[in-house]
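As structure tokens, the structure follows; a few thoughts come after it.
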Amino acid sequence: MDRGLVALAAAHGVSTWYEDWRHRRVEVASETVVGVLGLLGVDATSPAAIADALAAARAVDRTALPPTLVLAEGATHALPGPGVVSLEDGGRRTVDAQLPADLPLGWHRLACDGRDVTLVVVPRRLPVPPRTWGWMLQLYALSSERSWGMGDLGDLADFTGWAGGTGAGLVLLNPLHAVGPAHPVAASPYSPASRRFVNPLYLRVSDTTAYTAADPATRAVVDALRPDRRDLIDYDEVWAAKRHALELLHPYAPAVDLDADPALTSFATWCALAERHGNDWRAWPAELHHPDAPAVAEQRRQLADRVAFHAWLQHLCDEQLDAVTAAARSTGMPVGVVHDLAVGIDPGGADGWQLADVLAQGVRVGAPPDDFNQLGQDWGLAAWRPDRLAETGYAAYRDMLRRTLRHAGGLRVDHVAGLWRLWWVPPGAGAAEGTYVRYDAEAMLGILALEAHRAGAVVVGEDLGTVQPAVTRGLRGRNMLGSTVLWFARDDDGEFTPPTRWPTNALATISTHDLPTAPGFLTGEHVRVRDELKLLGTDVAVERARAAADRERLLAMLRNEALLPGSRVAEAGAAAGAEAAAGAEAAAGAEAAAGPEVGSGAGADGDPADGDVVVAMHAALAASPSRLLGVSLYDVLGEVRQPNMPGTVDEYPNWRLPLPASVAQIRTDPGVARIVHLLTAARPRTTPPDRAGEKAGRRTTPNPVGDRPPDPAGT
């Protein structure tokens, strides 16, 4: 590669080589580097252009103040001269040639050397997360007598209240991010239209004040719209029914002040336009491509009723999420509800339209080739432009975090390594033909720490797969947790690592939504379905043999750790849950358990029954030192199908599989009771209920989103 191009790429944080999953150096094609630089607004299409761009990069005064300065609490920073700090609370501090160590946490402004920049003071670390356990939920998969064809926020409040009352300290959700309002409705929660707003599909219609205020005839019409539960979730049917019901109820609702939250009004405008023109703004008429365009203002006036309707839906989401938070608080959960932050957004969605100025137009985020995806991965998601984030004071990033954390006791950050670097695929290139673009990790992580601190939230980073050591160190140094999954906890020979050697600074789980469930792994369902879908890279017999060998490795580890039936540890766990399980079984009757009972059945040829192995796997979680433990209802209820099958779109019912039991059945399921007692015995509550309740939901920042109008300067 031309030396000038290498130097230019380095100046703009674009990698010209990377280390693959086998620790081999891979050179990036020049065409890719040129394409990615173009996405950053840097012309590198000719030797002359490279020379000019490199000269401009070298001419930048490295001693000048950056557009955003992120400072750790208690640290000092040399300045090019005296200045004035305008504090977030309205105060002012005159400083000499150095920022003092006693500046308060928060978002401030610094005027110095003829420049006015954003100054963010961030905590060095968060409080140490509690040692507790909880449930991992795909919310759409819940069901009850009151929900409409999929799980809703009412189900979540009921489940959270029950879970907290039986000893769980957290409930980890799939992303609840907003999707486009036009049909077809997107099923994946990881390709949202917006990460700043909530998907109104999760609303419970009958829990709205408008439903209560409506006359009996209107309520009867609304009730008749409720779709039945189906074998697979039909998002289009559910949304059509809920939208119609909410439209009938909207006249009974108080008016929403559209001037109070300009970002919400802009989002509601996008929703109204999407209903008319489709969910991808890039296919709209050209005059509607920018939120501030005169044609958009005219459309907002013409569609005022629809704009008000979509803004009202977000107010309803806030109200019902408040009820979920209250349920967690009332039971003394030490963490509460943990929301999931997707790695990116659909570039044609609301955030792609509203935040276009800070996004790299045309880029697609993904991952380089690895052992499981040898052609690389193209997630089709938009990416932040690191230079534009800094120039705008990270305001869009901050706003996204604040809105997500407003109802959260914790935040899981999907692909947390993306705070350090992201794999950019330029237009026209394949997934393997991308490269990494660096971000200011100190700024990204520091701002995350500040907003989590103010929300009283724990942070969990999904750092699975091949990640740089700096990611693990960065999380650990700030008391943010990483992720440990039993399937991946292995040594270099492929043997399962005993749980006592798992990391402390982690959320430990058996599986994830992209991997086989515990029952599916034990029965080989993951091999059968991938063979049926033509997803296997080798002969099916080879894959079956590999799966059988993996099962034996797992059983060997569980035996060595005395976690299978007959061992003292397993017997203690069984005794802990036996009384409650028996009570649940009696209360539920023969039909209470919707799936195969955990811990029951006979194994062949002396092998333990699959149900007993599932219990032993949860005993492995309980035996680990990891601070947080996550339990999946798919595992406990005996579901063999995994929620999502990577590499498929319509070939597999991704994100559409309901749980085999309703919320009421889950509460009385004897297998669930056994796991509950196993985990509560291992992680008993130690935080007093009043303090735990505060952590579960109360926001501590004095200026949450909406308390004051947005500052055009980005502070």
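The values are calculated or read from the model by the stated rules, or taken from the named source; none is laboratory data. What you see is a predicted model, and the numbers here were worked out from it, not measured in a lab. When we count neighbours, we look across all protein chains shown, and the Cβ atoms used for this are built from the backbone with ideal geometry, even at glycine. SASA here: full protein model, heavy atoms, side chains in, ligands and nucleic acids out. Shrake-Rupley method; radii C 1.70, N 1.55, O 1.52, S 1.80 Å.
Being open to solvent by 30 Å² or more (accessible area, probe 1.4 Å) and either free of Cβ contacts under 8 Å to residues at least 12 places away in the same chain or not in a loop (DSSP other than H, G, I, E, B) (or both) is the filter here; which residues of the range 352-362 pass it?
Gln354, Asp357 - these are the residues of the range 352-362 that are open to solvent by 30 Å² or more (accessible area, probe 1.4 Å) and either free of Cβ contacts under 8 Å to residues at least 12 places away in the same chain or not in a loop (DSSP other than H, G, I, E, B) (or both).
Has the range 418-427 got any residue that is modelled with pLDDT of 95 or more and more than 25 Å from Ser188 (Cβ to Cβ)?
no
Checking the conditions here, which among Arg685, Arg627 is at pLDDT 95 or above, within 17 Å of Pro129 (Cα to Cα), open to solvent by 20 Å² or more (accessible area, probe 1.4 Å) and touching a strand residue (DSSP E or B) at 6+ places or on another chain (Cβ under 8 Å)?
From the options Arg685, Arg627, the qualifying one is Arg627.
Checking the structure you have, find out if any residue of the range 407-417 is buried (at least 21 other Cβ atoms within 10 Å of the Cβ) and basic (Lys, Arg).
Looking through the range 407-417, at least one residue is buried (at least 21 other Cβ atoms within 10 Å of the Cβ) and basic (Lys, Arg).
Just checking, which of Ala53, Ala64 is over 13 Å from Ala11 (Cβ atoms), over 34 Å from the mean Cα position of the chain (by Cα), open to solvent by less than 60 Å² (accessible area, probe 1.4 Å) and not polar (S, T, N, Q)? Step through it out loud before you land on a result.
Working: Ala53 fails: over 13 Å from Ala11 (Cβ atoms).
On inspection, the qualifying residue turns out to be Ala64.
Quick one: in the range 137-152, which of the residues that are surrounded by fewer than 24 Cβ atoms within 10 Å (Cβ to Cβ) and assigned to a helix (DSSP H, G or I) is farthest from the chain's Cα centre (by Cα)?
Looking at the filtered set, the residue picked out is Ala141.
Quick check on my filter: what residues within the range 385-397 are of a type outside the set (Asp, Glu) and open to solvent by 30 Å² or more (accessible area, probe 1.4 Å)?
Arg388, Thr392
Spot the failing condition for Val26; the list is (1) buried (at least 19 other Cβ atoms within 10 Å of the Cβ); (2) among the β-branched types (Val, Ile, Thr); (3) touching a strand residue (DSSP E or B) at 6+ places or on another chain (Cβ under 6 Å), and only one is missed.
(1)
Could you please let me know if Val663 is farther than 26 Å from Thr132 by Cβ, among the hydrophobic types (A, V, I, L, M, F, W, C) and touching a residue at least 40 places away in the same chain (Cβ under 8 Å)? Don't jump to the end; show me each part of the working.
Values: farther than 26 Å from Thr132 by Cβ: no; among the hydrophobic types (A, V, I, L, M, F, W, C): yes; touching a residue at least 40 places away in the same chain (Cβ under 8 Å): yes.
The answer is no for Val663.
Would you say Thr68 is in contact (Cβ under 8 Å) with a residue 60 or more places away in the chain and in contact with a Lys or Arg (Cβ under 6 Å, 6 or more places away or on another chain)?
Values: in contact (Cβ under 8 Å) with a residue 60 or more places away in the chain: yes; in contact with a Lys or Arg (Cβ under 6 Å, 6 or more places away or on another chain): no.
So Thr68 fails the test.
Give Val34, Val42 a once-over and let me know the one that is modelled with pLDDT of 95 or more, open to solvent by less than 20 Å² (accessible area, probe 1.4 Å) and touching a Leu at 6+ places or on another chain (Cβ under 8 Å). Step through it out loud before you land on a result.
Values: Val34 fails: open to solvent by less than 20 Å² (accessible area, probe 1.4 Å).
It is Val42.
With the requirement that a residue be surrounded by fewer than 20 Cβ atoms within 10 Å (Cβ to Cβ) and assigned to a helix (DSSP H, G or I), what does the range 269-285 give you?
Result: Glu275, Arg276, His277, Arg282, Ala283.
Please pick out the residue among Pro653, Pro646, Pro658 that is part of a loop (DSSP other than H, G, I, E, B), touching a strand residue (DSSP E or B) at 6+ places or on another chain (Cβ under 9 Å), in contact (Cβ under 8 Å) with a residue 24 or more places away in the chain and open to solvent by 10 Å² or more (accessible area, probe 1.4 Å).
Values: Pro653 fails: touching a strand residue (DSSP E or B) at 6+ places or on another chain (Cβ under 9 Å); Pro658 fails: touching a strand residue (DSSP E or B) at 6+ places or on another chain (Cβ under 9 Å).
Residue meeting the stated conditions: Pro646.
Considering only residues that are in a loop (DSSP other than H, G, I, E, B) and in contact with a strand residue (DSSP E or B) (Cβ under 8 Å, 6 or more places away or on another chain), which ones fall in the range 168-187?
Once the filter is applied, which keeps residues that are in a loop (DSSP other than H, G, I, E, B) and in contact with a strand residue (DSSP E or B) (Cβ under 8 Å, 6 or more places away or on another chain), the range 168-187 yields Ala168, Gly169, Asn174, Pro175, Leu176.
How many of the residues in the range 436-469 are over 30 Å from Leu629 (Cβ atoms), in contact with a strand residue (DSSP E or B) (Cβ under 6 Å, 6 or more places away or on another chain) and either assigned to a loop (DSSP other than H, G, I, E, B) or open to solvent by less than 20 Å² (accessible area, probe 1.4 Å) (or both)?
2
Being surrounded by fewer than 19 Cβ atoms within 10 Å (Cβ to Cβ) and farther than 28 Å from Val117 by Cβ: is that true of Gly349 here?
Judged against the criteria, Gly349 is not a match.
Out of Ala408, Ala383, Ala449, report the one residue that is of a type in the set (A, V, I, L, M, F, W, C) and within 21 Å of Gly349 (Cβ to Cβ).
Ala383
Filter the range 476-532 down to the residues that are part of a helix (DSSP H, G or I), under 26 Å from the mean Cα position of the chain (by Cα) and surrounded by fewer than 19 Cβ atoms within 10 Å (Cβ to Cβ) and list them by number.
Matches in the range 476-532: Arg476, Gly477, Trp487, Phe488.
Can you name the residue in the range 71-85 that is free of Cβ contacts under 8 Å to residues at least 40 places away in the same chain and open to solvent by less than 50 Å² (accessible area, probe 1.4 Å) and, of all such residues, is nearest to Gly477 (Cα to Cα)?
Result: Ala75.
What residue, among those in the range 210-251 that are assigned to a loop (DSSP other than H, G, I, E, B) and charged (D, E, K, R), is nearest to Glu275 (Cα to Cα)?
That would be Asp234.
Determine if the range 335-348 includes at least one residue that is more than 21 Å from Pro175 (Cβ to Cβ) and outside any helix (DSSP H, G or I). Can you show your working first?
First, pick out the residues of the range 335-348 that are more than 21 Å from Pro175 (Cβ to Cβ): none.
No; the residues of the range 335-348 include none that is more than 21 Å from Pro175 (Cβ to Cβ) and outside any helix (DSSP H, G or I).
Tell me, yes or no, whether the range 561-580 has at least one residue that is surrounded by fewer than 20 Cβ atoms within 10 Å (Cβ to Cβ), modelled with pLDDT of 95 or more and more than 17 Å from Asp635 (Cα to Cα).
Yes.
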